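The values are calculated or read from the model by the stated rules, or taken from the named source; none is laboratory data. The structure displayed is predicted, hence computed values, not measured ones. Backbone-built Cβ (ideal geometry, glycine too); neighbour counts: all protein chains shown. SASA here: full protein model, heavy atoms, side chains in, ligands and nucleic acids out. Shrake-Rupley method; radii C 1.70, N 1.55, O 1.52, S 1.80 Å.
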Amino acid sequence: MSRARADEEEYWHSSKFRAFTFDDEDDELSQLKESKRAVNSLRDIVDDDDDDLERVSWSGEPVGSISWSIKETASGSTSSLDGRDSSLQKGSSSYAALPKQASSYSLSSLFKGRNKLSSFQSLSDALTDTGVKNYAPELRRPRAEYKDYSSDWSPKDTVRRMQRGKVCSLERFRSLQDKLVLLDEAVAGHDGNVITAVLIFLKRTLRREILFRELEVRQVALCHLIHFLRETGEQKFLLDLLRFLDRTEEVALSQYREHLNIQDVEKRREFLKGCIGLPFSAEDTSHIQDHYTLLERQIIIEANDRHLEMAGQSELFRKYPRKASILNMPLVTTLFYSCFYHYTEAEGMFSSPTNLKKTFKIPDKQYVLTALAARAKLRAWGDVDALLTTKNWLGYTKKKAPIGFHRLVEILQRNNAPVQVLQEYVRLVEDVETRLNLATKYKCHDVVIETYRDLKDRVQLTAYKCKVERGSAEEEKIQSILSN
């Protein structure tokens with residue numbers, strides 16, 4: 001029995017692992033060393049480059065942290081000393097000092113960059129070894145340089161950053177008071193882009209009734225929002241805002257602008273008819289009525305003229321084909337078209353120029369200027385003369401140009417009027433200097449000669465004799481005047 005017990009004791013003392021004894025004062029230290037040996041032996045099994053595994057030291061600190069590195073370095077130096085002292089004290093081979101392995105992590109390991117060498121370096125070796133590549137720590141950027149959102153900017157600071165073109169989050173302004181302060185700061189900054197950006201944020205985050213009420217007392221911001229809504233075409237939101245502000249005329253004008261988006265002419269005519277009853281001012285109501293009437297006339301004229309042009313029954317349409325439709329054209333363009341194609345029609349016809357003048361109350365000056373341009377383009381000089389001829393109550397005829405004869409001469413010359421026609425109207429220019437300039441410019445020699453004769457200016461008349469052709473009727477006329 002004693003023999004078996006002795007064998008058992010020898011078995012336990014000869015094993016790789018020692019049994020627990022209460023007499024062993026350094027048992028905890030031995031267990032720690034054995035555990036570290038086991039961990040170091042696992043390095044050959046586990047891939048050192050596996051970043052997905054989080055390794056933890058015996059102190060509980062994540063491997064690679066600064067605190068772990070300091071403790072690992074300190075424990076290495078103290079362990080070797082403790083081991084050496086214990087070996088001297090006990091003198092046993094089982095308590096021999098274990099050589100402390102160098103630190104398994106270099107400086108690059110400290111910042112998550114591991115060294116690929118077969119042997120591991122200590123922290124001191126990593127600092128002195130220039131052949132090993134060290135990875136610098138990724139320092140955090142200053143907070144002011146972050147482009148992402150910050151939660152501690154005041155409304156004033158936020159507006160200033162927006163003025164400098166930096167990205168700022170407006171979502172942190174959640175209370176109504178903060179949003180209004182932000183809007184007031186934006187208005188005070190006098191930057192239209194910032195004001196518009198803040199208004200878009202308020203439009204998205206506030207109810208319409210609250211936003212409208214607050215904007216009613218902030219006219220600058222209100223004008224910015226109205227302009228923004230008109231530019232972006234948010235018609236429904238704009239109409240709701242104008243109705244809340246009781247701006248009935250602006251509501252009517254905004255609805256009237258919708259006709260620009262209607263392409264079908266019949267639908268546009270019906271839309272304009274419905275706009276007549278909107279709450280416009282008296283002057284605007286008259287314009288809407290004229291617009292509706294004009295479009296109605298244009299539809300009738302277009303239908304008739306298209307039929308005449310396709311049938312080929314009109315010589316004028318064959319000689320001068322239409323270049324575009326008259327639909328949706330302005331009043332002046334319609335009058336020019338009427339004077340060009342329908343000048344001789346009776347007043348009772350919708351396409352008659354005189355009917356258009358009477359219906360839309362076109363001023364005489366505008367009517368004469370437009371009709372003159374149309375008839376001169378057709379080289380209908382007889383119509384031009386009749387247009388400028390008036391009769392007084394005694395029956396005498398007189399030429400009168402509401403636009404001035406000097407402008408009349410320029411219009412006729414642009415339409416290649418002959419010299420005989422030009423001379424007739426240059427003579428009617430009252431200002432002598434203007435008359436001489438026009439006559440000289442357009443080579444109306446008779447007018448120049450007659451003017452110098454009336455002025456009894458022999459010197460100028462003699463000088464002008466050199467400017468006309470020799471042997472011409474003008475030269476003989478000048479010689480006759482000088483001889484008399």
- Those trypsin sites (Lys or Arg not before Pro) from the stretch 299-330 that are DSSP loop and have at most 16 other Cβ neighbours within 10 Å turn out to be Arg322, Lys323
- Message: Once neighbouring chains are kept in place and the probe is 1.4 Å, which whole percent of the accessible area of the stretch 155-246 is contributed by carbon and sulfur?
- Response: 49
- Would you kindly state how much longer the chain becomes between Arg172 and Ala282 on full extension, computed as 0.36 nm times their sequence separation minus their alpha carbon distance, in nm to one decimal? 34.7 nm
- Pick out, in residue order, every one of the chymotrypsin sites (Phe, Trp or Tyr not before Pro) in the stretch 383-484 that is DSSP loop and has at most 13 other C-beta atoms within 10 Å; say none if there are none. Trp393, Tyr396
- Note on the structure: Full extension between His227 and Lys156 adds, at 0.36 nm per residue less the Cα distance, a length in nm of 23.1 nm
- DSSP loop trypsin sites (Lys or Arg not before Pro) in the stretch 414-468 with at most 14 other Cβ atoms within 10 Å of their Cβ, which ones? Lys443, Lys456, Lys467
- Using 1/(1 + (r/R0)^6) with R0 = 35 angstrom and r between the beta carbons of Asn484 and Glu430, what's the FRET efficiency to the nearest 0.05? 0.85
- Query: Which residues in the stretch 213-257 place their backbone N less than 19 Å from a point set 7 Å from the Cα of Lys267 along the Cα-to-Cβ direction?
  - Reply: 233-236, 255-257
- Of the heavy-atom accessible surface of the stretch 263-362 (probe 1.4 angstrom), what whole percent is carbon and sulfur? 56
- Message: So, taking all protein chains as they sit and a 1.4 Å probe, how much accessible area belongs to Met162, in Å² rounded to tens?
- Response: 40
- Message: Among Phe244, Gln219, Leu182, whose Cα projects farthest towards the positive end of the dipole of the stretch 155-246, with charges put on the beta-carbon of Lys, Arg (+1) and Asp, Glu (-1)?
- Response: Leu182
- Query: For Arg207 and Val181 in one chain, what is 0.36 nm times their gap in residues minus the Cα-Cα distance, to one decimal in nm?
  - Reply: 7.6 nm
- Tell me, what is the per residue accessible area of the stretch 263-362 in Å², probe radius 1.4 Å? 58
- Task: Please give the per residue accessible area of the stretch 369-447, computed with a probe of 1.4 Å over protein heavy atoms only, in Å².
- Result: 57
- Item | Average accessible surface area per residue within the stretch 155-246, 1.4 Å rolling probe, Å² | 55
- Given Lys377/Lys477; Lys319/Lys358; Lys357/Lys400; Lys273/Lys377; Lys398/Lys477, the pairs whose alpha carbons are separated by over 26 Å: Lys377/Lys477; Lys319/Lys358; Lys273/Lys377; Lys398/Lys477
- Task: Would you mind working out the magnitude of the charge dipole of the stretch 178-307 relative to its Cα centre, with +1 at each Lys and Arg C-beta and -1 at each Asp and Glu C-beta, to the nearest 20 Debye?
- Result: 360
